[in-house]
Structures are given as structure tokens and as C-alpha cells.
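These notes are about the structure you will find just below.
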Amino acid sequence: NLAPKSLLEMVSKGKNLKSLKVEPLAPSVKILEITKSLTSEECSVIGGLGGIEIIEEVKNGSTGTMPGPAFPEVFREIIRRFENKDERSARLLFNKVLPLLVFSNRDMATFLFVQKYILVRRGVLKGTDLRMPSSQLRAGVEEELVSILDVIDFDSIVEECQ
């Protein structure tokens, strides 16, 4: 939650600071404020907030986003399409996963559960248990997630991005 001016001061004084992750609400706005005063050699800037503003973040100078580990190839493909001057295609792909991103960003417990659930589904993890101090997962989250993954045809999205 530091102001862009404070972050820029840290970059100018910190010899080992090579990257910033910007994750307030509306990270793309703050990213623009920061990147218009930086060179890429000084520091790279990445977005967060589960990738919900990935296209705007990249438009505003970020080098990417750090959305969680469950489906990085989708975010990579969105950025690739945007960098190849195909913003329409990047937005169409983004819109396919948008219901999942919105659902994931309800709260941290939901975000972590979604990441773990997809990683279990992909054969990376064996379970979805959340360890403390995570808040209690509310009832019905798994059922909602299964429905969203089915409706957006998540597996075909991932396949499209490989």
C-alpha cells in the first residue's frame, strides 16, 4: 500500500531491489504511475490481484503478473497475444477465464482453495487443505468452482494455451 513516490524512492536507493509487485485494488493505475518514472533496467514491475487486470497492467508498463501457480500458461498466452499486437485475441482469452478470476478474488481462502483445487486436478498436488492462518472456507465453494470450471470449459482453455 505504499505510494508510488515511496516505491520509486526505494528503487532509487535500494541496490538489490530489482522488481516490484503491485497488488492494491486497481493495480494497473499504480503500475502506470510507477513505470512512467522508471526504466526497465532500474526495476521490473509486475501486477498481482490474481491477474484480474493483466492486460491493463501490461499496457501500463508491467512485465507480467503474479497470479498464482495453477494456470500460468493462460497468463503467458494473454501477454504473448498482447505483445504481438493482438489485443482483441488477448482480451477474448482473458474473458474466457474472467469468471474464474472474479470468483477466486472473493477472499484469500477462496483464492488459495481455487489454486490448490486446480493443481490437484492437474496432478501437481494431492490435496486442497488450507493450513492456518487461512480463514475458514465458506460452504459451497467447491461446488461453485466445479460449476465455473465446467461452464468456462477450463480444460480447453488450458489446452489452447499450451
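Does the stretch 60-92 hold any residues that are over 27 Å from L112 (Cα atoms) and out of contact with any helix residue (DSSP H, G or I) (no Cβ under 6 Å at 6 or more places or on another chain), and which are they?
The answer is E83, N84, K85, D86, E87, R88.
If I34 passes every condition in (1) touching a residue at least 24 places away in the same chain (Cβ under 8 Å); (2) over 23 Å from G14 (Cα atoms) but one, which one does it miss?
(2)
Could you check how many residues of the stretch 12-31 are closer than 26 Å to F71 by Cα and open to solvent by 80 Å² or more (accessible area, probe 1.4 Å)?
Here the count works out to 5.
From L149, L125, L101, L145, grab the single residue that is free of Cβ contacts under 8 Å to residues at least 12 places away in the same chain and touching a helix residue (DSSP H, G or I) at 6+ places or on another chain (Cβ under 9 Å).
Step by step, each of L149, L125, L101, L145 is checked, and only L125 is free of Cβ contacts under 8 Å to residues at least 12 places away in the same chain and touching a helix residue (DSSP H, G or I) at 6+ places or on another chain (Cβ under 9 Å).
Just to be sure I understand, how many residues within the stretch 38-96 are among the polar types (S, T, N, Q), assigned to a helix (DSSP H, G or I) and open to solvent by 30 Å² or more (accessible area, probe 1.4 Å)?
Total meeting the criteria: 1.
Please go through the stretch 1-11 and pick out each residue that is open to solvent by 50 Å² or more (accessible area, probe 1.4 Å) and in contact (Cβ under 8 Å) with a residue 12 or more places away in the chain.
Result: N1, single match.
Does F113 meet the test of being buried (at least 20 other Cβ atoms within 10 Å of the Cβ), assigned to a helix (DSSP H, G or I) and not polar (S, T, N, Q)?
yes
Answer with yes or no whether K116 is charged (D, E, K, R) and under 16 Å from I157 (Cα atoms).
Judged against the criteria, K116 is not a match.
If you go through the stretch 141-162 one residue at a time, how many are at pLDDT 95 or above, surrounded by fewer than 16 Cβ atoms within 10 Å (Cβ to Cβ) and not in a helix (DSSP H, G or I)?
1
Six or more apart or on different chains, Cβ under 9 Å: which pairs go from a residue in the stretch 85-96 that's without any contact (Cβ under 8 Å) to a residue 40 or more places away in the chain to one that's assigned to a loop (DSSP other than H, G, I, E, B) and loosely packed, with under 13 Cβ neighbours inside 10 Å? Could you list them?
A90/N84
May I ask you to say which residue of A90, A70 is within 30 Å of S37 (Cα to Cα), within 15 Å of the chain's Cα centre (by Cα) and among the small types (G, A, S)?
A90
The values are calculated or read from the model by the stated rules, or taken from the named source; none is laboratory data. These numbers were taken from a predicted model, which means no experiment stands behind them. Cβ coordinates were reconstructed from backbone atoms using ideal geometry, including for glycine residues, and neighbour counts include every protein chain displayed. Calculation scope for accessible area: heavy atoms of the full protein, side chains included, ligands and nucleic acids excluded. Shrake-Rupley method; radii C 1.70, N 1.55, O 1.52, S 1.80 Å.
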